[in-house]
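Before any comments, here is the structure.
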């Protein structure tokens with residue numbers, strides 16, 4: 001069995017309207033699902049991805065209104081890296097981000113910056129055969145658009161703590177330099193460890209967990225394998241749009257293994273993803289209460305039409 005790279009990355013925001021504006025207007029992602037945190041249905045769970053809402057492109061946020069800014073520390077992901085097609089794409093993004101008042105650091109083939117709440121982001125001109133996962137945006141040509149995840153970077157006291165579980169249980173490959181890759185038949189994705197003993201603080205601008213992608217028919221086998229390693233996975237949890245197990249790897253990073261399907265078009269047409277509050281059937285009876293408690297959000301693509309006249 002092989003995991004199909006990164007499925008999604010979930011972080012925390014304290015300001016859903018500003019979060020939607022940054023990731024849809026500035027970064028060009030599509031808001032593909034506006035739903036709730038199924039473990040705390042009083043708060044949003046927002047999903048940003050490519051046009052087809054593909055696993056491998058999906059950055060998600062729990063909104064806790066007014067949450068204080070957090071700080072990444074040992075056992076936490078501190079940076080999320082997306083692929084772009086070329087150095088010319090990095091030129092585009094450097095100009096676009098600076099135009100938004102965002103500080104950027106240009107390195108060898110990459111661009112490093114933070115979102116407005118301090119979440120570390122990176123754009124990497126990557127040489128890959130993986131399908132580019134691109135969202136439509138009137139201001140961002142497809143040839144420079146984000147193409148899906150490349151890797152995440154996490155802090156750990158010692159990367160060797162995680163090696164056995166990554167290599168022998170999860171079938172990651174050691175790529176050298178404290179980097180490990182999960183690569184399946186369709187996609188791959190990395191986790192890279194940076195050494196730090198500083199304690200983190202969960203809050204706005206921090207990553208909650210990283211999810212790795214499993215074919216549906218292998219999910220139970222992955223849970224059994226993780227359990228046999230001693231990592232204490234949760235039972236399989238049906239999230240309606242996918243199924244999940246959660247566990248902490250030995251460095252402390254919260255991992256999820258999520259299935260490739262059923263998908264976000266299960267309960268709304270693909271052309272209208274993210275336009276209304278979607279609730280799994282088990283939460284539908286709470287709709288009135290939830291709609292009164294969550295922050296009102298505009299449809300970002302209505303805003304496009306107002307600006308472009310299209």
Problem set entry | C-alpha center-to-center spacing [segment 105-141, segment 16-40] in angstrom | 17
Exercise. With each pseudo-label sitting 7 Å past Cα toward Cβ, what's the residue 139-residue 198 distance in nm, one decimal?
Worked result: 3.2
Problem set entry | Structure-based [θ]222 nm, the chain - -39500 (n - 2.57) summed over DSSP H runs of at least 4, per residue, nearest 500 | -4500 deg cm²/dmol
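Multiply the residue gap between residue 289 and residue 39 by 0.36 nm, knock off their C-alpha separation, and tell me the result in nm, one decimal place. Could the numbers behind the result be given before it?
Details: separation 250, 0.36 × 250 = 90.00 nm, distance 1.57 nm.
Value of the extension gain: 88.4 nm.
What full-extension length gain, to one decimal in nm, is calculated for residue 158 and residue 272 as 0.36 nm per residue of separation minus the Cα-Cα distance? If you can, show how the numbers build up before the last one.
Values: separation 114, 0.36 × 114 = 41.04 nm, distance 4.49 nm.
Extra length from residue 158 to residue 272 when fully extended: 36.5 nm.
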For this session: Could I have the simple spin-label model distance between residue 224 and residue 179, label points 7 Å from Cα toward Cβ, reported in nm to one decimal?
Result: 3.4
Problem set entry | Pairwise centroid distance, computed over Cα atoms, of segment 209-243 with segment 51-97, Å | 24
For this session: Considering only 207, 152, 144, give the residue with the highest GNM mean-square fluctuation for the chain, with springs between Cα atoms whenever their separation is below 10 Å.
Result: 144
Exercise. Among the DSSP beta bridges whose two residues both lie in the chain, what percent are antiparallel, rounded to the nearest 5?
Worked result: 65
Seminar exercise, completed: Assertion target for 245, 191, ordered by fewest C-beta neighbours within 10 angstrom first, is 245, 191
Exercise. Any idea what the relative contact order of the chain is, in percent, if you count C-alpha pairs under 8 Å spaced at least 6 apart?
Worked result: 25
Exercise. Taking the chain as a Gaussian network, where each spring joins two C-alpha atoms under 10 Å apart, which residue of 258, 55, 142 fluctuates the most?
Worked result: 142
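Sort 304, 222, 93 so that the residue with the fewest other Cβ atoms within 10 Å of its own Cβ comes first and the one with the most comes last. The partial results should precede the final answer.
Working: 304 17, 222 22, 93 25.
Ordered from fewest to most neighbouring Cβ atoms within 10 Å, 304, 222, 93 come out as 304, 222, 93.
Report the calculated FRET efficiency for residue 265 and residue 71 (r = Cβ-Cβ distance, R0 = 35 Å), to the nearest 0.05.
Details: r = 37 Å, r/R0 = 1.05.
The computed FRET efficiency comes out at 0.40.
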Exercise. In nm, what is the difference between 0.36 nm times the number of residues separating residue 18 and residue 108 and their Cα-Cα distance?
Worked result: 29.4 nm
Problem set entry | Calculated SAXS-style log₁₀ I(q)/I(0) at q = 0.14 Å⁻¹ - segment 6-308, Debye, Cα scatterers | -1.09
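Quick one: if you take sqrt(5λ) for each eigenvalue of the C-alpha gyration tensor of segment 88-232, what semi-axes come out, biggest first, whole angstrom?
Details: eigenvalues 181, 81, 41 Å².
Semi-axis lengths for segment 88-232 are 30, 20, 14 Å.
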Exercise. Of 135, 145, 270, which has the largest mean-square fluctuation in a 10 Å C-alpha GNM of the chain?
Worked result: 270
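Can you sort 34, 2, 175 from fewest to most other Cβ atoms within 10 Å of each residue's own Cβ? Write down the numbers at each step before the final one.
Values: 34 22, 2 18, 175 15.
Neighbour counts put them in this order, fewest first: 175, 2, 34.
Rule-based calculations on the coordinates, nothing more; no lab input. Everything quoted here is computed from the prediction, not taken from an experiment. Note that each Cβ is placed from the backbone with ideal geometry, even for glycine, and that neighbours are counted across all protein chains shown.
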